[in-house]
Amino acid sequence: MSRAVLVTGASRGIGRAIASAFAALGDRVAVHYGSSRDEAEQTLATLAGAGHLLVQADMGAADEVLRAVEAAARGLGGLDVLVNNAGVFTLHPPVDTSYADWQAAWSRTLAVNLVGAANATFCAVPYLIEAGGGAVVNVSSRGAFRGEPHGPAYGASKAGLNAFGQSMAVALAPHGITVGTVAPGFVDTYMARHALEGAEGDAIRAQSPFGRVAHPEEVASAVVWLASAEARFTSGTIIDMNGASYLRS
């Protein structure tokens, strides 16, 4: 049966791969974007099947998040799956950043990566309940566990997202809603390309014993599985997808 799926941050990279993976299964996808409408339209044009649509919102603005979720549910005829993928990363090392820039980085990163995902989930829950249960999948990061010294707000936001997902897994299970999380390491996307193609590229790839970084499609496959009926009893889990570059106990 075709599902209605909202993927935030789907204009490119991991989000585009996730949207494509759901569409390939016959699902109807709402492609969310913040400011990159041209790239979001490119994502939309590549999706298999029909019934897909675009929704726009600044994930750091609560009213816009509500409007986007409502538009997605209205356009898709409900919601079965929410994927919280949208995120921002800003360099703000503590010894080389002004106090004003430090404050701005923390405010924006937490607003989008953590509070935005929490708001999207809150707004989507009534539709998921109406559908008889569904799934929320959060895209976190290896940085939530090993730290992000050059972007500490990013690491903190993703650690918060992990805790939020586990809290929601318990809170929403009685309503038939599962909540899972994927925590990738470096992924070959536009966001990471400057690092992967720079002087640190070889060292980054060498972090994994496989000698490479993840492909967006690999992350998408884990997201699709967590949203599947077969994964329902894994609700609350966090799947590491970092090629054994960081192993946590």
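Quick notes on this one:
- The C-alpha atoms of the chain define a longest principal axis, and helix 13-24 lies at about 30 degrees to it.
- Charge tally in the Cβ shell below 14 Å around residue 183, where Lys, Arg are +1 and Asp, Glu are -1, residue 183 excluded: +1
- Dipole of the chain, positive end: most advanced residue of 174, 186, 116 [Cβ charges, Cα centre]: 174
- With the simple spin-label model, which puts each label point 7 Å out from Cα in the Cβ direction, the residue 96 to residue 248 separation comes to 2.7 nm.
- When shorter helices are ignored and each DSSP H run of at least 4 residues is given -39500 (n - 2.57), the per-residue value for the chain at 222 nm works out to -14000 deg cm²/dmol.
- Angle in degrees between helix 37-46 and the longest Cα principal axis of the chain, rounded to the nearest 10: 60
- Angle between the chain longest axis and helix 152-172 axis [Cα atoms, degrees, rounded to 10]: 30
- The distance between label points at residue 195 and residue 167 comes to 2.7 nm (points 7 Å beyond Cα on the Cα→Cβ vector).
Rule-based calculations on the coordinates, nothing more; no lab input. Computed from a predicted model, the values in this text were never measured in an experiment. All Cβ positions, glycine included, derive from the backbone under ideal geometry; neighbour counts span all protein chains shown.
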